[in-house]
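First up is the structure itself, then whatever we jot down about it.
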Amino acid sequence: MSKTVSAYAAPTAWGSDAPLTKTTIERRDVGPHDVAFDIKFAGICHSDIHTVAAEWGRPNFPVVPGHEIAGVVTEVGSEVTRYKVGDHVGVGCFIDSCRECENCEAGLQQYCTGDYGMHGTYNSTERDGSPTYGGYSTAIVVDENYVLRIPDSIPLDKAAPLLCAGITLYSPLRNWNAGPGKEIAVVGLGGLGHMGVKIAHAMGAHVTVLSQSLKKMEDGLRLGADEYYATSDPDTFTKLRNRFDLILNTVSANLNLGAYLRLLKVDGTLVELGMPEHAMEVPPMPLAGMRRSLSGSMIGGIPETQEMLDFCAEKGITPEIEVIEASYVNEAYQRVLASDVRYRFVIDASTI
Ligand code: NAP
Ligand code: ZN
Ligand code: ZN
């Protein structure tokens, strides 16, 4: 039977006078291929804020954000083989895709090119056209092919942020072959950035953090960074010139890309992971000068997300989190906007 569950939603464009508020939503009947689970924890990603603040265009309100979801299976459909009641599972940024284009076939569902396309966990639609609602809620029903298995050794509150922040950094680190001998810079020590430091360190790379100030330096070094610099200090950009093989930019605001491109060595790549509201200028000189590349990367596919979860379990990598009650969500958003997050807020769904 379809089920009414509690949730937090943005009824209209979010702002200090238009907060997320408590509401109820419907979850569909459990179909033959579906997994239903009780949400235990949901991470707060900066993309949730970009979306509800209508910075990426006007979403379909009400929006129930949340695409870092971890919970416990309560019911499975008759055809489900991979999961059973009681299993620890997660859902990330998408709940469906066309399943037949070459990218879906290759496990790169996030880059689905089929007519049906990748369907987001929120602000998108289910197969029947009804809206998708995300993880700031108490339960969800998702096709088993888009559900991840959370290894037993990772507690559910710490597993949640891996479903977006974790995979968004793991995927480019793997794609650009992070490992021993590689010089990697992570720009921005927030939710994404701190996972990048931990994962790149575990892969054996030399890791440098480029943060706005040195306020979080002690944390950065503890999390696995070898070096730490403030981007507010102009010397940083002369000292580190031509230094990196790979720069992962996780900043949620516009940067002077030219200044960062100049920090790459010949054939180095700057990967854009942050998704600020406005376009950034790309000066041609620093690109051409050292045959540098500018690229981007978006989350990861289902197989790679599972690989990342298993990698984190094996290496003992978990995010640094601050578990909050749902009623604190609007304040948490303000703190994320002020770069005052250490390093991911996670909503305890039992408080919704
Ligand atoms: P976050 O926790 O807010 O971290 C962003 C960090 O960027 C901040 O902690 C801060 O680090 C730095 N920063 C913020 N404003 C800045 C400014 N004006 N100038 C310079 N640095 C600034 O956000 P997040 O959840 O990690 O997400 C980061 C971005 O990635 C967002 O735009 C989000 O939408 C995007 N995202 C992309 C993907 C993808 O698939 N590509 C997935 C998830 C999220 P310091 O204090 O260290 O400077
Ligand atoms: Zn996200
Ligand atoms: Zn597809």
Quiz item: Does Cys112 count as without any contact (Cβ under 8 Å) to a residue 40 or more places away in the chain and either in contact with a strand residue (DSSP E or B) (Cβ under 6 Å, 6 or more places away or on another chain) or in the same structural domain as Asp29 (by the TED database) (or both)?
Solution: yes
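Table: residues versus (1) assigned by the TED database to the domain that holds Gly135; (2) within 16 Å of ligand 1 (Cβ to nearest atom).
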site: Gly258; (1), (2): no, yes
site: Glu281; (1), (2): no, yes
site: Pro286; (1), (2): no, no
site: Gly289; (1), (2): no, no
site: Pro303; (1), (2): no, no
site: Ser339; (1), (2): yes, yes
site: Tyr343; (1), (2): yes, yes
Practice problem: Only one of these is among the β-branched types (Val, Ile, Thr) and over 14 Å from Gln306 (Cα atoms): Ile184, Ile167. Name it. | Solution: Ile184
Practice problem: Kindly establish whether Ala70 is assigned by the TED database to the domain that holds Thr24, within 16 Å of ligand 1 (Cβ to nearest atom) and surrounded by 17 or more Cβ atoms within 10 Å (Cβ to Cβ). | Solution: no
Quiz item: Among the residues of region 56-72, how many are among the charged types (D, E, K, R) and either within 14 Å of ligand 2 (Cβ to nearest atom) or touching a strand residue (DSSP E or B) at 6+ places or on another chain (Cβ under 9 Å) (or both)?
Solution: 1
Quiz item: Does Leu189 count as within 12 Å of ligand 1 (Cβ to nearest atom) and crowded, with 20+ Cβ neighbours inside 10 Å?
Solution: yes
Practice problem: Filter region 35-56 for residues that are farther than 21 Å from Ala326 by Cα, in contact with a helix residue (DSSP H, G or I) (Cβ under 9 Å, 6 or more places away or on another chain) and in a strand (DSSP E or B) and give the result. | Solution: Val35, Glu55
Quiz prompt | Matching residues, region 298-327, being surrounded by fewer than 17 Cβ atoms within 10 Å (Cβ to Cβ) and part of a helix (DSSP H, G or I) | solution = Pro303, Asp310, Glu314, Lys315, Ser327
Quiz item: If we only count helices (runs of 4 or more DSSP H) wholly inside region 91-206, which ones have 3 or more residues that are closer than 30 Å to Val73 by Cα and within 14 Å of ligand 2 (Cβ to nearest atom)?
Solution: 165-175, 191-202
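The values are calculated or read from the model by the stated rules, or taken from the named source; none is laboratory data. These numbers were taken from a predicted model, which means no experiment stands behind them. Glycine also receives a Cβ, built like all others from the backbone with ideal geometry; neighbour counts cover every protein chain displayed.
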